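**Student:** My structure is below; once you've seen it, I'll send some questions.
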Amino acid sequence: MKKINSFFIFIFCVFAFLGCSTHINVRVNRPAEVDLSFVETIAIIPFAEDPSFWDYVLFGIDEYKISKYFTSRLETKLSNAEYFNVVTTSKEYGTIPPCDAYISGNIHSLNTNIKQKERIVKDEKTQTEKKIIEFFRVLEFSISYRIIDQSTGNVLKKFEDSYSLTSEYESEKSKVPTACDLAKSELNDVISDLIRKITPYTTSKSISLLKDKSKNSQMEYADSLVKEGNLVLAYNEFMKVYETTNMFEAGYNCACILEAQNKYEEAETFLQDLYNKTGNSKALDLLKDVQYEIKQRDKLIQQNKNRGMN
């Protein structure tokens, strides 16, 4: 028990320390994970064929509705991204229109039903217990898709995953969501992930400065400037401390500010020198982070260049 308590105390202290450090929140541009810079036109092939009358009668239409929602939503999101020209597909199932690449796939292994559960509740007014019945839906399905180069037939990216979902409990069976409504949240996540895979995007990043344990007044002043958003003056103050004292934290924070200002090469050179002088692994970790940003930036520049963008 003492070991467990000591562990939780340690974790608390770590988070308390991290909570005291200053952060610089920045927005960074990311390249597409799958390089489709050669693609101008793209099509989404319907994931399911329009059901016949007997399909409605014998099998229901849950799979069709989920498939239709996914392809319609994906087409809208891709159009809104304004990175590709989204080609309208033919109403004939499986027909591939003229395009550079297309996305095809299907919803499969779908199983869903509405279940009920009995629960005992107490009436607050009468203080008597009564039995109630609540209804809920369970849903299992799998989704898979492929991004295919139209000219070569090569599969550029493929994805498959399975989901098991349960709805909230409802007092009436009629209030239980449909299979499609229950699946929408997961489908939207898959679509967002797909969009990020094939188009450049912008995301948030937090860069953590090191806290000065020596309570140096100049370091505290520089830290306050960062919190105010005055990175230029903060950098100058941290640099003054570093040049006069060789304090590692001051040098590290200078590099953090350079990274936040997208001065990656300058930050890289500075961190290489800082690590060589101190051997501190924190400088090496930040150096790797900066080098990762350089690779991401250069990859995005190349993708834009391939598409004739500045």
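**Student:** Would you report the distance distribution of C-alpha pairs in the stretch 158-310 as whole percents per 5 angstrom bin, up to the bin with the largest distance?
**Tutor:** That works out to 1, 8, 14, 13, 12, 9, 8, 8, 8, 7, 6, 4, 2, 1, 0, in percent per bin.
**Student:** Sticking with this one: Using the basic label-point model (7 angstrom from Cα toward the beta carbon), what is the Arg73 to Lys122 distance in nanometres?
**Tutor:** If labels sit at Arg73 and Lys122, their model points lie 4.1 nm apart.
**Student:** Now for a separate question. Based on the Kirkwood radius over alpha-carbon pairs, what value in µm²/s does the Stokes-Einstein equation return for the translational diffusion coefficient of the chain at 25 °C and 0.890 mPa s?
**Tutor:** This corresponds to a translational diffusion coefficient of 100 µm²/s.
**Student:** Right, here's the next one. Mind telling me which of Leu287, Leu194, Leu225 comes out most flexible in a GNM of the chain, alpha-carbon contacts under 10 Å?
**Tutor:** Leu225
**Student:** Could you report the accessible area of Ser224 in Å², rounded to 10, computed with a 1.4 Å probe on the protein chains as they sit in the structure?
**Tutor:** 40
**Student:** Now, a different point. With every protein chain in place, what's the accessible area of Phe84 (1.4 Å probe, Å², nearest 10)?
**Tutor:** 10
**Student:** Continuing with this model, one more query. Need one number: convex hull volume per residue for the stretch 111-208, Cα atoms only, in Å³.
**Tutor:** Expressed per residue, the convex hull around the Cα atoms of the stretch 111-208 is 194 Å³.
**Student:** Tell me the carbon and sulfur percent of the accessible area for the chain, rounded to whole percent, probe radius 1.4 Å.
**Tutor:** 50
**Student:** So, one more: Ignoring ligands, DNA and RNA, what accessible area per residue does the stretch 186-310 give at 1.4 Å, in Å²?
**Tutor:** Ligands and nucleic acids excluded, the figure is 53 Å² per residue.
**Student:** Report the normalised scattering of the stretch 191-278 as log10 I(q)/I(0) at q = 0.11, 0.14, 0.15 Å⁻¹, calculated by the Debye formula with identical scatterers on the alpha carbons.
**Tutor:** Per q value, in the given order, log10 I(q)/I(0) is -0.37, -0.54, -0.59.
**Student:** Moving on to the next point. Can you put Ile120, Ile148, Ile61 in order of accessible area, largest first, using a 1.4 Å probe?
**Tutor:** Correct descending sequence by accessible area is Ile120, Ile61, Ile148.
**Student:** Next question. Using a 1.4 angstrom probe and counting only protein chains, how large is the accessible area of Phe47 in Å², to 10?
**Tutor:** Roughly 10 Å² of Phe47 is accessible to a 1.4 Å probe.
**Student:** In addition: Please find, in a Gaussian network model of the chain (springs between Cα atoms separated by less than 10 Å), the residue of Tyr145, Tyr169, Tyr83 whose mean-square fluctuation is greatest.
**Tutor:** Tyr169
**Student:** Mind checking the angle between helix 2-20 and the chain's longest principal axis? C-alpha axes, 0 to 90 degrees, to the nearest 10.
**Tutor:** For helix 2-20, the angle is close to 70 degrees.
**Student:** How large is the accessible surface per residue of the stretch 64-162, computed with a 1.4 Å probe and reported in Å² as a whole number?
**Tutor:** 62
The values are calculated or read from the model by the stated rules, or taken from the named source; none is laboratory data. None of these values were measured; they are calculated from a predicted model. Cβ atoms come from the backbone with ideal geometry, glycine included; neighbour counts cover every protein chain shown. Quick note on the areas: whole protein, heavy atoms, side chains included, nothing else; ligands and nucleic acids left out. Shrake-Rupley method; radii C 1.70, N 1.55, O 1.52, S 1.80 Å.
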